[in-house]
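Take a look at the structure below.
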Amino acid sequence: MSQRIAQIGFGEAGRTFANAGDWHQAARVFDSKTLNAASAGAMQQAYAQAGVTGCATLAEALADAQIILSLVTADQTPLAAQAAARAIPPGALFCDLNSVSPGAKARNAQIIEAAGGRYVDVAVMAPVQPAALAVPLLVSGPDADEAADMLRSIGFTRVQICGDRIGAASATKMVRSVMVKGIEALTAEMLLAARAAGVTDAVLASLGGDWAQKADYNLDRMLAHGLRRAAEMEEVVATLTELDVEPLMTRGTVVRQRAFGAILRDAPMPDGLDAKLALIETNNRKMQGKADAT
């Protein structure tokens, strides 16, 4: 692989892409967790397992990079852009794959472009696992065509251009999440009420189709990824606010996703819908008991 890839952040997405792409020595990676003694060892091990070159500084990772993949948490996105701007090679493509609002991406673009880089808005439109490099990507911005070609050349197989305006890709993802993550939250609320009323089976049957399986899947996603989904939905709230749309339903989605995401932490996922609902009810009783005690 002739392209020089730099990765900022080496969490689930970064590791998945690097392993699937067999990028090895083509990729240099910097993750701020290596600056923390408590997490540095695990991160160095992740680098070694993926066969990528871990760097002690961001400047080292960006040196001579042709394409930069920013894969950090939503709250770290502006900090990543600011840090990258201090060391970005002239003309390098800075692909911001983070789940943030169009306004946040526009601000990041100003920072990168002022430093001589070329900013690209990339939206990851599905979970990175198990899709890996087959995950759908939407790309927008003045350099979207070249960025799409570069992303394909390093292994991504489902890259679609959605315009030359920075923010178009992220807006598509953010607005879509109103429905996708909102349905999960509504499913949870429906099931809690149905179980309390003793009519869970009747409610699911009345919806028709495979709603029992859908409900189990939706709870699974919330329990496993609710904290991350809540952070993304905060960005959706920001997106709707930027668009002058009151995010009434979306604020509720943030609350539900965060509450469910806090239940499991590192515990195993319960098997089946009944087991998940029983776990949620037990957690709710514990939380209510703590509230009553105060």
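The values are calculated or read from the model by the stated rules, or taken from the named source; none is laboratory data. What you see is a predicted model; the values in this text were computed from it and never measured. Glycine gets a Cβ as well: all are built from the backbone with ideal geometry, and neighbour counts include every protein chain shown.
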Okay, helices (runs of 4 or more DSSP H) sitting entirely in region 23-136 with 1 or more residues that are crowded, with 19+ Cβ neighbours inside 10 Å and either among the aromatic types (Phe, Trp, Tyr) or free of Cβ contacts under 8 Å to residues at least 40 places away in the same chain (or both), I get 37-50, 77-85, 102-114
Residue check for Thr172: farther than 24 Å from Arg15 by Cβ, surrounded by fewer than 22 Cβ atoms within 10 Å (Cβ to Cβ), in contact with a Leu (Cβ under 7 Å, 6 or more places away or on another chain) and among the β-branched types (Val, Ile, Thr)
yes
Every listed condition ((1) exposed (fewer than 13 other Cβ atoms within 10 Å of the Cβ); (2) touching a Leu at 6+ places or on another chain (Cβ under 9 Å); (3) part of a helix (DSSP H, G or I)) holds for Lys286 save (2)
Flagged pairs (Cβ under 6 angstrom, 6 or more apart or on separate chains; first in region 258-272, outside any helix (DSSP H, G or I); second aliphatic (A, V, I, L, M)) are Pro270/Leu279
Answer yes or no: is there a residue in region 3-13 that is in a helix (DSSP H, G or I) and either at pLDDT 95 or above or assigned by TED's automatic domain parsing to the domain that holds Ala126 (or both). yes
The condition from (1) more than 22 Å from Thr73 (Cα to Cα); (2) touching a strand residue (DSSP E or B) at 6+ places or on another chain (Cβ under 7 Å); (3) part of a loop (DSSP other than H, G, I, E, B) that Ile166 misses is numbered (1)
Any chance region 260-268 includes a residue that's surrounded by 15 or more Cβ atoms within 10 Å (Cβ to Cβ) and over 25 Å from Gln129 (Cα atoms)?
no
Restricting region 241-257 to residues that are in contact (Cβ under 8 Å) with a residue 60 or more places away in the chain and buried (at least 20 other Cβ atoms within 10 Å of the Cβ), the one farthest from Ser101 (Cα to Cα) turns out to be Arg256
Here the residues within region 242-257 that are in a helix (DSSP H, G or I) and among the charged types (D, E, K, R) are Glu242, Arg251, Arg256
Being of a type in the set (Val, Ile, Thr), modelled with pLDDT of 95 or more and closer than 30 Å to Ala106 by Cβ narrows Val203, Val245, Val199 down to just Val245
State whether the residues of region 173-196 include one that is hydroxyl-bearing (Ser, Thr, Tyr) and in a loop (DSSP other than H, G, I, E, B). no
Selection from region 8-22 of residues farther than 15 Å from Phe156 by Cα and surrounded by 20 or more Cβ atoms within 10 Å (Cβ to Cβ) yields Ile8, Gly9, Phe10
